[in-house]
Structure formats: C-alpha cells, structure tokens
Amino acid sequence: MIKSPLQYTLRLRRFNPESGEMPYWQDFKVELEGHRSVLDAILKLRDEVDGSIGIRCSCRQAICGSCGVRINDKPGLACHTHLERAAQAAREGSRVIQVEPMGNMPVMKDLIVDMDAVHWKKVHRVTPWLINRQPTPEREHIVPRQSMIDVTQTMACIQCGACVSDCLSMEVDPEFIGPAALAKAYRFVGDPRDAWHYERLKDLSEDPHGLYDCSHCWMCIDACPKGVAPMSQIMRLRRLAGSDHHIEDHNNGHRHEHAFTENIRRNGLLHEADVLPDSYGGKLNPRAVPVLLYSLPVILRALARRKITFGNALLHPHRRRFKGLHRLFDSIQRRESRYELNLYVSGYDSGEPAEVAGSGPAMVATGASGLDTTHAPRRQGEDR
Ligand code: SF4
Ligand code: SF4
Ligand code: FES
C-alpha cells in the first residue's frame, strides 16, 4: 500500500561560522511519506528550499557513518531514522522533528561537526592497526573462529561518532579517549594475531584519560546504531588489563575496581564511606591519608548537612540484612577461569545463516560450519 505524504516540521539547528551570528533554530515544513528518512527530508529541503543547509552524508544506507546528528535530543543516523518514528518521539505529540549537530565535537556548519578534531584524533591515539611480529605465512594467517567472533562486535563499528556525541565522561573530560576509540582498541586486543596486547593494555590503563575514565553511564550503548556496545568493550579491556595481565595502573583504577567489588562482597550493599580509603589500601594505609585529607572538606560538608552520620560512615547501616551474600561472590570467584559469552552473534550450528545483532543486511554473518555461534564461550586468556 502506498502511503500518502504527511507534513512534518523540521526544526534545524543552523550555524555559519563565517556569518559571525550565534547558532539559532530554523523551522521548515516538508511533505514526505512517513517511511522516508530524516536525511531524505533534509536533502529535499536543501534541494528545493535552502541550498545552504549543511549536512554530511554519503551511502544513505547506515553504512558509511557520515550522517550522524542528534534527533529529538538523541544521537543517531539521519538516514536510518524514519520520519514517522522521529515524529512519534517528538515533543508535545507534534510532528516537529528537531535536528542538531552531534555533541562533544566542534560544529563546522549547521549539522556538520569536525570529526577530525575529536573522533579521528582519538581513534589514532589507540594505534588502530594490527601489529604482527610473526613471520609472514605463505598464504593467510589462520585465526581460531572463536577469536574472530569475539571481535566481530567491534568490527561492526561504522565510525559515526554517535557514542562520542553522548559520552558523559567526555563532556567532563574532553581528553577522555572515549567509547569509539576504546572499542577500536578492543578490536586489536581481542585479535590473536596482534603482538601488542600487553603494551596496548598497559598504555590505556596508565593514561589518566584512558580505560578507567569511563563512568559506566551506558549512554554509548544506547546511542550506537550498530550494537557495538562500546562500554562493554571497555569493561572487557579492564578485565584483561587488571585480572589477566595484573596491570596496577598509576591512576589507581584497577585497585578502585577491586575495592568496589570487595566492598559489595563484604557488605552486600555498597558502603560508600569505605570505597575511597579501600581503593588506597584501607583507612590506615599511608597512601590513603593524603586522599582522605583532600576529601575532608566534602566529608565535613556532608556531615554538616546530615547527608551522612558518623555512625553510618564507620559502620554499614544495612550490613546484617545482606549477611551471606559474600558466599555467592566467593563461589563465583572460586571458579578456575572466567568465561565470556559473546552475545553479539546469534544463530544455529552447521552452516545455518547466523544473524549478527545490529541492523541491516550488512550485519548478517555466515554461520561457521561446526560452530554453535550462540554458545561460543571463550576462556579469557586463550588464543592470545
Ligand atoms: S559508558 Fe563510559 S564510554 Fe560509554 S558513554 Fe558512558 S562514560 Fe562514555
Ligand atoms: S561504536 Fe557505534 S556509535 Fe560509536 S562510532 Fe562505532 S558505530 Fe558509531
Ligand atoms: S549516509 Fe551513510 S550512514 Fe547515513
């Protein structure tokens, strides 16, 4: 059934650095069928109404990653967002679709941001190529299937920058290496052909804007149109760095993580007053003293405003309620090795086509013969 065109209002964020004017919003009416994309509407406006509208695009099929924008306050691909979907999410039940440039990157013109200044600079920071020290084989390098499945998720990245746009840590610390670049780093740390696993992990752990700068806000997971889940890749890098390679970084990131989990194991529910000193070896450890002194004004303010009491700061108020939970922790930690399931690839055994969680026909992988891709656990540390 052919759907008739509907009228939508596109509210575009305009900015022309050459004009000397501040950025402003401009409304345009456009008539198009609801299944057409936001990019279609913008290109129609540019062709028929205002040739000066700035938007970057190429494939129009969610492959090249060049049309990243924010639509109704959420990052996404303009070519991969239907008008009717965008209108449903619009404010006031209207058909007003608000489009603005991605965040955390300087705006060059209208909806075009400077990807070189932020996104690509950070990708280059993680040495985004394979470093191989094995002799070149006569034919190809043979890689275990499980290892390739493990990195498939990061290989699906189209470098659109949507995750960078929404990263809360990067908003606070623009030097943070960021979700896209760290996901790229996992692509090589997870590849058995790469000879620099330890060096990469050490470098990213020691960088004060590296692995431990992520605040687990999940925004990059929601933002990614390809299901790369950058935060999950960052957590994998951390586990490899801290648990498998025992890298004790100068930022105290690994010790802080350890203190955090130990705190929950001990108390059942986080006892926040202990996390800071425990991250530095405990209240009585000389390394903890300067940090506690530095935090003293905040602690005193919290006490004065009754956000905490002396009793709660010293003893966990609900510890007894969760007595016994540490046994669960211990039983998990006693296991000899950790298994990780890559849930990105799903499908069936023996030649059945396996669908990769993501989107679009480009994301369909062929099921590896004899391999159940749904259950492809990899023992951490193997194939490395
Ligand atoms: S989870 Fe980490 S990397 Fe992802 S958006 Fe939040 S702070 Fe950034
Ligand atoms: S991880 Fe996802 S959101 Fe980030 S650049 Fe890659 S495809 Fe885009
Ligand atoms: S134009 Fe290529 S991803 Fe949108």
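The values are calculated or read from the model by the stated rules, or taken from the named source; none is laboratory data. The shown structure was predicted, so the numbers you read here are calculated from the model rather than taken from an experiment. Cβ placement follows ideal geometry from the backbone for every residue including glycine, while neighbour counts extend to all protein chains displayed.
Just one of the numbered conditions (1) touching a residue at least 24 places away in the same chain (Cβ under 8 Å); (2) touching a helix residue (DSSP H, G or I) at 6+ places or on another chain (Cβ under 8 Å); (3) assigned to a strand (DSSP E or B) is not true of Arg11: (2).
Hey, does the stretch 185-201 have a residue that's more than 16 Å from ligand 1 (Cβ to nearest atom), in contact (Cβ under 8 Å) with a residue 40 or more places away in the chain and closer than 24 Å to Arg60 by Cβ? Looking for residues that are more than 16 Å from ligand 1 (Cβ to nearest atom), in contact (Cβ under 8 Å) with a residue 40 or more places away in the chain and closer than 24 Å to Arg60 by Cβ, one finds none in the stretch 185-201, hence no.
You will find that of Leu269, Leu284, Leu276, the residue that is in contact (Cβ under 8 Å) with a residue 12 or more places away in the chain, in a loop (DSSP other than H, G, I, E, B) and not polar (S, T, N, Q) is Leu269 and no other.
Considered as a group, the residues in the stretch 287-319 that are in contact with a Leu (Cβ under 8 Å, 6 or more places away or on another chain) and in a loop (DSSP other than H, G, I, E, B) include one that is nearest to Asn251 (Cα to Cα), and that residue is His316. What are the residues in the stretch 170-200 that are near ligand 2 (Cβ under 9 Å from one of its atoms) and among the charged types (D, E, K, R), if any? The answer is Lys184, and nothing else.
With the requirement that a residue be within 12 Å of ligand 1 (Cβ to nearest atom) and modelled with pLDDT of 95 or more, what does the stretch 216-227 give you? Cys217, Trp218, Met219, Cys220, Ile221, Asp222, Ala223, Cys224, listed by residue number. Of all residues in the stretch 14-24, those satisfying the criterion of being of a type outside the set (D, E, K, R) and without any contact (Cβ under 8 Å) to a residue 24 or more places away in the chain are Ser19, Gly20, Met22, Tyr24.
Can you find a residue in the stretch 151-169 that is of a type in the set (Asp, Glu) and more than 13 Å from ligand 2 (Cβ to nearest atom)? No: zero hits. The single condition among (1) of a type outside the set (Phe, Trp, Tyr); (2) modelled with pLDDT under 90; (3) farther than 30 Å from Glu206 by Cα that Gln134 does not satisfy is (3).
Matching residues to (1) in contact with a His (Cβ under 8 Å, 6 or more places away or on another chain); (2) within 16 Å of ligand 3 (Cβ to nearest atom); (3) within 18 Å of Asn251 (Cβ to Cβ):
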{"position": "Ala156", "(1), (2), (3)": "no, yes, no"}
{"position": "Cys163", "(1), (2), (3)": "no, yes, no"}
{"position": "Ser169", "(1), (2), (3)": "no, no, yes"}
{"position": "Glu175", "(1), (2), (3)": "yes, no, yes"}
{"position": "Arg187", "(1), (2), (3)": "no, no, no"}
{"position": "Asp203", "(1), (2), (3)": "no, no, yes"}
{"position": "Ser215", "(1), (2), (3)": "no, no, yes"}
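Glu257 falls short on exactly one of the conditions (1) closer than 15 Å to His326 by Cβ; (2) in contact with a Gly (Cβ under 8 Å, 6 or more places away or on another chain), and that condition is (1). On the stretch given as the stretch 181-190, residues that are under 21 Å from Ile142 (Cβ atoms) and at pLDDT 95 or above total 3.
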